[in-house]
Amino acid sequence: MSLHYFLVGGRATGIGPAVKLFPMEPNTLGRKFGIGIRVASRMILDRAAQASPPPAKTAPSIPVYPAHGKAVARGARKFGESMWKPFAHASGVLWLQITGLFFALFTIVFASNIYKLRQYSSAGVGHSRFLTYAVVTLVFAYFTFSSFYRAGRKEKMKRRTKQ
């Protein structure tokens, strides 16, 4: 393809603006069938529009009571709360326990490094690394215990409100 083709309006697909992929011959069965279907569908739509009466505006036959709608909304809200609150509570407690477990894993890893560096506990080349591991172990141990403590407290609060 030449640059002239793209400049005069050709497409990247190689099909010009007036060229069709499958040109339809004027006297084929498919073309005649398509034209007949279009004409028949227009005739059916016109007859259906003439036969149907215009829509009349009538008052609704069923009275609308706002109190019923509010009661349904209140019931739906209570149902949603009764379904959602236990799930949200259980997932919150589970999340705190899983978080505590991950903190416990990190605590174990850092505590094992403290054990490996225990000979540098008083002084030596690795004393700063020993102290760093000790501080990080204490921080992760605090996170572990606080997470499990919060999960237990959350569960106890749920039991108290139930009684």
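The simple spin-label model puts a point 7 Å past each Cα toward its Cβ; for L131 and Y115 those points are separated by 2.5 nm.
With a Förster radius of 45 Å applied to the C-beta separation of K154 and I37, the computed FRET efficiency comes to 0.10. Full extension of the chain between Q50 and L94 gives 9.2 nm of extra length, using 0.36 nm per residue less the Cα-Cα distance.
Efficiency by 1/(1 + (r/R0)^6): what FRET value for L105 and A71, r their Cβ-Cβ distance, R0 = 41 Å, to the nearest 0.05? After rounding, the FRET efficiency stands at 0.20.
Rule-based calculations on the coordinates, nothing more; no lab input. What you see is a predicted model; the values in this text were computed from it and never measured. Every residue, glycine as well, gets a Cβ built from its backbone with ideal geometry; the counts of neighbours run over all protein chains shown.
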